[in-house]
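> Before we start, here is the structure in question, set down as structure tokens.
Derivation of every value follows stated rules applied to the coordinates shown; laboratory data play no part. As the structure is a prediction and not an experimental result, all values here were calculated from the model. Heads up, the Cβs are rebuilt from the backbone with ideal geometry, glycines too, and the neighbour counts pull from every protein chain shown.
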Amino acid sequence: MSVTIGYIVGSLSSASINRQVLNALIALAPQDVTFTEISIDALPLYSPDHDADMPPVARNLKAGVEDADVVIVATPQYNDSYSGVAKNAIDWASRPWGQHSFAGKPTAVTTASIAPHGGAKAGALLRDILEFGTANVMERQLNVHVGEGTFDENGHPASEELRAEFEQFLDAVITHAAAQPATV
């Protein structure tokens, strides 16, 4: 069964450790799994003034979420919460009123942080926001503590234990997509 995984990198950093985590997941994916980035880099701050005529980048965001079988949202942990750019993307996806692109969408959350907990609190808060919009959020969450030696020179998880954790998360995401069809 082929699966299309859309993903949102909730960091604008050129050295994003969340992007590293997603790249590692992509490298571990089976051949019948396609990853598509849902870019949020150029999204302006959300304002209801745009609901009647959304900018193309916002329409592309909504279409990317809706077209994917499942969406992974990756976020860093900033000030004990998820990133503002991730929240802005969800705000755009939820508009105009009654047209929430995440409604019923199988969704997964991953976090990466230099903190020992790997951004777990940011992920939990992000889950709450996605569930408020009735996203079908997978119970399992991948929280990665990133430090020296987390990834090898090819960007893959450096330890067998971490590689297994990535593979189990990816398997759960694929299963979640198949078991929970979107109702968008």
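> Yes or no: residue 92 surrounded by fewer than 17 Cβ atoms within 10 Å (Cβ to Cβ), in contact (Cβ under 8 Å) with a residue 24 or more places away in the chain and within 22 Å of residue 136 (Cβ to Cβ)?
When the stated conditions are applied, residue 92 does not pass them.
> Okay, next question. Does residue 153 count as outside any helix (DSSP H, G or I), farther than 16 Å from residue 70 by Cβ and of a type in the set (Asp, Glu)?
Here the answer is yes, as residue 153 does meet what is asked.
> Let me ask something else about it. Of the residues 72, 26, only one is within 22 Å of residue 157 (Cα to Cα) and buried (at least 20 other Cβ atoms within 10 Å of the Cβ); which?
None of the other options fit; the residue is 72.
> With (1) on the phi < 0 side of the Ramachandran plot; (2) touching a residue at least 24 places away in the same chain (Cβ under 8 Å); (3) out of contact with any strand residue (DSSP E or B) (no Cβ under 7 Å at 6 or more places or on another chain) as the list, and residue 106 as the residue in question, which single condition is left unmet?
All conditions pass for residue 106, except number (3).
> If you go through the stretch 136-150, how many residues are in a strand (DSSP E or B) and over 29 Å from residue 101 (Cβ atoms)?
The qualifying residues number 1.
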